[in-house]
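The next block holds one structure in the form of structure tokens; read it before the comments.
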Amino acid sequence: DVKTFSEKKMICDNMLKQIKANSIPMFYILNKVDKINENEINNKKELVENPVEVSALYRTGINELKRKIRQALGT
């Protein structure tokens, strides 16, 4: 549910600000995209910046996530 997702994101963002960790690179990962419909995926993608869609079942998105992690680490 997009409302719940949005509320959880807001709580996490506030918590990160409180501990002064909001400047650390973050990755938004949409996990188990094989279990939700395309409309729900698109709605969640509108709420976060550059999410990575991952499905362990179909082994998709893993390489993109690894690439983003390497890029953030500068390796």
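The values are calculated or read from the model by the stated rules, or taken from the named source; none is laboratory data. Since the model is a prediction, treat every value here as computed from it, not as a measurement. Here Cβ is always computed from backbone atoms with ideal geometry, including for glycine, and neighbour counts include all displayed protein chains.
Out of Ser6, Ser23, which single residue is out of contact with any helix residue (DSSP H, G or I) (no Cβ under 8 Å at 6 or more places or on another chain), at pLDDT below 90 and not in a helix (DSSP H, G or I)?
The match here is Ser23.
Restricting attention to the stretch 34-61, which residues are surrounded by 13 or more Cβ atoms within 10 Å (Cβ to Cβ), at pLDDT 90 or above and aliphatic (A, V, I, L, M)?
Selection gives Val52, Val54.
Could you run through the stretch 49-75 and say how many residues are in a loop (DSSP other than H, G, I, E, B) and out of contact with any helix residue (DSSP H, G or I) (no Cβ under 7 Å at 6 or more places or on another chain)?
Number satisfying all stated conditions: 7.
If you scan the stretch 26-48, which residues turn out to be within 15 Å of the chain's Cα centre (by Cα) and assigned to a loop (DSSP other than H, G, I, E, B)?
Correct list: Met26, Phe27, Tyr28, Asn31, Lys32, Ile36, Glu46, Leu47, Val48.
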